[in-house]
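Asker: Below you'll find the structure I mean.
Read-outs throughout are calculated quantities, based only on the coordinates presented, and are distinct from any laboratory measurement. These numbers come from a predicted model, not from an experiment. As a convention, Cβ positions derive from the backbone with ideal geometry for all residues, glycine included, and neighbour counts pool all protein chains shown.
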Amino acid sequence: MGISKLVYTANEVKGSLTSLRKDGVKKGQWTGFDSLFDKYSMKKGSTTYIYAGAHQGKSQFGFELMMNLSEYSGWKWAVYSPETGSPTEVFAELLWVYLRKPFLVNDTMTATDEETDKAFEFINKHFYIVDSGLQDLSIEGFYTAVEEIEQDYFIEIDGCFIDPFTEIRTDVSQGVRDDIAIGQVLTKVRKHSSDKNYHTIVTVHTKHQQAKYKNGVAYVDKPTMNDIAGGMQWSRKGMMIINVWRCPFGLEDGNGVPYEPNQVEITVVKAKPKIVGKLGKVTMYFDKLTNRYYEYDKKGKKQFAYPQSNS
């Protein structure tokens with residue numbers, strides 16, 4: 001087995017430098033919303049880390065991003081989401097997201113058989129579930145499974161989704177300090193993504209945050225990167241880092257405007273390279289029935305994800 005190259009001269013990468021000089025650094029792929037795309041796009045060979053406390057919607061936001069990239073850019077995904085459930089349950093969740101209607105029979109809104117058949121065909125083409133059963137899965141094991149998907153189905157995977165990071169085995173049990181073990185895994189995530197030209201999304205929980213109360217409303221403060229277990233490692237290793245925070249209904253924002261019941265703040269806290277995104281927050285909303293996020297357009301109307309050509 002060959003040893004990875006460690007040293008390069010400028011002449012060895014002259015071709016890519018020439019292309020970069022002519023074309024510049026391009027923004028990543030459209031992420032479905034005008035306000036979001038202003039702050040965040042998705043580039044192959046890179047990573048996105050989504051962090052949030054419990055029940056804040058980080059998994060749903062990850063599913064939103066995957067679906068938008070599949071629908072609007074044709075991406076294919078390898079998905080490892082044990083918290084969502086078995087492969088059947090993960091596929092059911094993806095079908096719900098695609099349909100924008102409950103996949104299961106529902107008294108309020110039910111997809112027709114024709115709609116469901118179309119959704120099934122799309123999901124079968126664009127999503128591949130990695131399931132380790134009762135076994136621990138290392139980061140090497142995950143990316144090996146992704147390569148096997150590509151070989152077995154004669155396709156190229158564009159994106160990888162690990163939900164959440166705690167389902168990936170680290171070397172903490174072997175006496176390695178927690179933050180160092182996390183850093184080692186994140187280095188491998190970044191390296192695999194770069195070498196294989198994948199975009200890897202990883203969701204991660206924050207450390208426990210003590211609930212606060214104001215006017216009888218329980219809430220938690222918006223977490224920072226330091227609130228993630230091994231926070232310094234995430235900030236050092238990450239390229240795009242995003243926080244998902246559900247605004248506390250019953251309270252007001254800093255300008256005295258009451259939060260809506262389903263209001264969510266999506267905050268980009270790290271953006272590399274700069275052309276791909278920029279720091280700042282976007283106000284979005286989560287619709288439980290459609291299982292999708294939306295924003296308000298300039299006329300104040302709900303706007304779910306849409307192709308860039310319609311923006």
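Asker: By average Cβ neighbour count within 10 Å, what is the ranking of 269-281, 190-202, 220-232 from highest down?
Answerer: Descending packing order for the listed peptides: 190-202, 220-232, 269-281.
Asker: I've got another one for you. Between [x] 19.0, 61; [y] 21.2, 68; [z] 20.1, 65, which entry matches Rg and Dmax of the Cα atoms in Å as derived from the coordinates of this structure?
Answerer: [z]
Asker: Another one. Among DSSP beta bridges whose residues both lie in the range 158-311, state the antiparallel percentage, nearest 5.
Answerer: Taking every DSSP beta bridge within the range 158-311, about 80 percent pair in antiparallel fashion.
Asker: Test of understanding: in a Gaussian network model of the chain with alpha carbons linked when under 10 Å, which of ASN243, ASN262, ASN215 would top the mean-square fluctuation ranking?
Answerer: Among ASN243, ASN262, ASN215, the largest mean-square fluctuation in the Gaussian network model of the chain belongs to ASN215.
Asker: Looking at the range 134-195, which chymotrypsin sites (Phe, Trp or Tyr not before Pro) are DSSP coil and have at most 15 other C-beta atoms within 10 Å of their C-beta?
Answerer: PHE154
Asker: Along the charge dipole of the range 210-271, which of GLN210, GLY230, MET240 sits closest to the positive end, that is, farthest toward it, with unit charges on the beta carbon of Lys, Arg, Asp and Glu (+1, +1, -1, -1)?
Answerer: GLY230
Asker: Eight or more residues apart or on different chains, and alpha-carbon atoms under 14 Å: count the Lys pairs in the range 19-169 matching that.
Answerer: Lysine pairs meeting both conditions in the range 19-169 amount to 9.
Asker: Ok, one more. Order the peptides 9-15, 91-97, 282-288 from the highest to the lowest mean number of other Cβ atoms within 10 Å of their residues.
Answerer: Highest-to-lowest ranking by the protection proxy: 91-97, 282-288, 9-15.
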